[in-house]
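Any read-out appearing in this document is the output of simple, stated calculations on the displayed coordinates, not a laboratory observation. Predicted model only: the values in this text are computed from it and were never measured. FYI the Cβ positions are ideal-geometry reconstructions off the backbone, even for glycines, and counts take in every protein chain you see.
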Amino acid sequence: MFYAITRQISPAMARCELTHVDRAPIDMELAAQQHHQYQQALRALGCENILLTSEPDFPDSVFVEDVAVVLDEIAVITRPGAESRRGESATVAAVLAKHRTLAYITAPATLDGGDVLRLGRRILVGQSGRSNTAGIEQLRELLQPYGYSVQAMPIHGCLHLKSAVTEVADGVLLVQPEWIDASQFAQYTIILVDPAEPHAANALRVGSGLIYPSYFPRTLARLHDSGIVPLLVDVAELQKAEGAVTCCSLLLN
Ligand code: CIR
């Protein structure tokens, strides 16, 4: 049994931060429906959903992943790289405090949860426009006592590390090689996204299940060829805000 923390979409989402995608009108009603279906998928995979109320002052606040890094032993409240997102943390921290000891990333460090990928006791952190060297160093100091190694990973051309690589099964990584050097993952089984689907590397593991966008058929076929059958969701409206499937929840068991 997992808990999944999610947050209702902000009515201000049209003013979201955008870095690598062009602004396009968001159908807010459709976005809410898609977010609802995303939460249903989490529940179908065994999660109990903790739904936070929407934050009218924080356009990107549906993307709860970025404000915390949750591990079995501790939750680290981040300091997001985008200044407009720094006020999102408090309400998430209040919920996490019921489940975990909290630690905090502090100025001048910045860190987005979307840059943090846990692979067993190994924590990879994207060197992105959002997560700086001080943020990676603070995370290392906080997690080393629990036996985690923290390794910085260069990325280019995308928002976060998990735009470029996620784990889709034990030891199996889904990688967008245009945004990260795939040769660094020699000890893992690698599935590359189809070149026609650049945004297809973001998948969300939930226990033994996987949540995956419904509109990457070529990469989906590659997952199927590896025996991986995800639960498909349409988050296309959230994708217009540069979000995907990992970023809309924080999972804890
Ligand atoms: C942002 O730029 O911060 C949001 N518009 C998108 C955040 C997506 N977060 C994620 O993938 N972890």
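Brief remarks follow.
- Sparsely packed trypsin sites (Lys or Arg not before Pro) within the range 1-55, loop by DSSP, other Cβ within 10 Å at most 16: ARG23
- Distance between the modelled labels on ASP181 and THR53, one decimal in nanometres: 4.9 nm (7 Å Cα→Cβ projection).
- The alpha-carbon atoms of the range 2-252 define a convex hull whose volume equals 110 cubic angstrom per residue.
- Net charge of neighbours whose Cβ lies under 12 Å from the Cβ of VAL125, counting Lys and Arg as +1 and Asp and Glu as -1: +2
- Extension gain, HIS156 to HIS99, is 17.0 nm, computed as 0.36 nm per intervening residue step minus the present C-alpha separation.
- Long-range amide H partners of ASN49 with built H, under 5 Å: ALA4
- Each Lys or Arg adds one and each Asp or Glu subtracts one; over the other residues with Cβ under 11 Å from the Cβ of ALA164, this totals -2.
- DSSP loop chymotrypsin sites (Phe, Trp or Tyr not before Pro) with at most 16 other Cβ within 10 Å: longest gap in the chain: 1-187
- Local net charge near ALA221, Cβ-Cβ under 14 Å (Lys/Arg +1, Asp/Glu -1): -1
- Residue-wise HN-Hα couplings along the range 130-143, as the Karplus relation 6.51 cos²θ - 1.76 cosθ + 1.60 with θ = phi - 60° gives them from phi, are 9, 10, 9, 4, 5, x, 5, 5, 5, 4, 4, 5, 6, 9 Hz; Gly and Pro carry x.
- Charge dipole of the chain about the Cα centre (unit charges at C-beta), most positive-ward option of ILE5, LEU252, TYR215: LEU252
- Sparse-neighbourhood loop sites, GluC sites (Glu not before Pro) in the range 49-120 - DSSP loop, at most 15 other Cβ within 10 angstrom: GLU73
- Whether the range 137-231 is rounded, prolate or oblate, judged on the alpha carbon gyration tensor where a/c under 1.5 counts as rounded: prolate
- FRET efficiency, GLN37 to ASN253 (Cβ-Cβ, R0 25 Å, nearest 0.05): 0.65
- Gain in span if fully extended, ASP194 to ALA107, counting 0.36 nm per residue against the direct Cα distance: 27.4 nm
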